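Visitor: Structure in structure tokens, see below.
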Amino acid sequence: MAPMMRLVLGLGVLVLILSAVALGLPAHVTATRSVVINAPEYVVFPYLNNLRRFQEWAPWSDKDPNIKLTYSGPPEGNGAKVEWTSEVPSIGNGSLQIIESKPSSSLSLTTDLKGLQGLSYFDLVPAGAGSKVSWSFGFETGSSPLKRWKGLMLDGYIGEVYEHGLEKLKKHVEADRAPTITQPAPAAPAPVETPTAPEGGETVVPELTPAPQAQ
């Protein structure tokens with residue numbers, strides 16, 4: 001058998017094996033990351049619900065300072081949308097659009113990450129004096145072997161990105177809530193007492209007693 005024919009057969013067998021393995025992979029994949037923020041849910045929620053604030057904590061902006069964001073729909077709540085374009089291959093193009101907004105509780109968003117389409121979720125629950133924010137992304141792999149293999153790598157790719165974004169969100173929210181330290185006003189100088197003139201109009205000069213001379 002010719003070497004080229006062996007190569008073709010070998011590749012064909014490999015594709016069949018990978019396809020068979022893919023059938024055993026999950027048909028729905030979800031990646032989730034969480035962070036605890038020192039602020040109640042009603043304080044954190046507007047940062048997520050208003051997509052025009054997305055640039056403040058977006059995980060991609062550090063990798064590409066020139067990322068272009070385009071907003072459409074209402075500023076916040078259902079229908080709000082942000083799209084981004086980037087020349088950095090690891091970021092590419094994508095979008096988020098809010099489809100369900102539950103104040104101080106959760107958000108659901110249609111999501112496109114470099115052509116990988118699915119749903120994102122933000123969930124906010126109390127955590128001590130603050131709140132725990134979870135960011136998830138999930139998509140249906142269907143029967144496509146390629147999508148199922150993509151799903152297998154989803155947690156490693158999305159997890160790192162979402163983790164970075166949540167840490168930026170935490171720093172931003174907590175910095176906005178930090179009390180500002182005001183410098184105390186300088187104390188007014190003490191008034192200088194001046195000799196008071198008697199009724200006759202002459203200034204009284206205190207008599208100085210000469211110092212005793214040494215013997």
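Values quoted throughout were computed directly from the atomic coordinates according to the rules given, and no laboratory measurement underlies them. These numbers were taken from a predicted model, which means no experiment stands behind them. Note that each Cβ is placed from the backbone with ideal geometry, even for glycine, and that neighbours are counted across all protein chains shown.
Visitor: Calculate the spin-label point distance for S105 paired with Q55, positioning each point 7 Å from the Cα along the beta-carbon direction, and give it in nanometres.
Guide: Distance between label points: 3.3 nm.
Visitor: Lys/Arg Cβ at +1, Asp/Glu Cβ at -1, dipole of segment 24-176 taken about the Cα centre: which of S101, S131, P46 is farthest positive-ward?
Guide: Of S101, S131, P46, it is S101.
Visitor: A further question on this structure: For W60, W135, what's the fewest-to-most ordering of other Cβ within 10 Å of each Cβ?
Guide: Final ranking by Cβ density, sparse to dense: W60, W135.
Visitor: For all pairs of alpha-carbon atoms in segment 24-176, what percent lies in each bin of width 10 Å, listed from the first bin to the last filled one?
Guide: Going out from 0 Å in 10 Å bins, segment 24-176 shows 11, 41, 36, 11, 1 percent.
Visitor: Mind sorting D176, D64 by how few other Cβ atoms lie within 10 Å of their own Cβ, fewest first?
Guide: So the ranking, lowest neighbour count to highest, is D176, D64.
Visitor: Still on this structure: Using a Förster distance of 22 angstrom, determine the FRET efficiency expected from the C-beta separation of V125 and N38, and round it to 0.05.
Guide: The pair V125/N38 has a calculated efficiency of 0.90.
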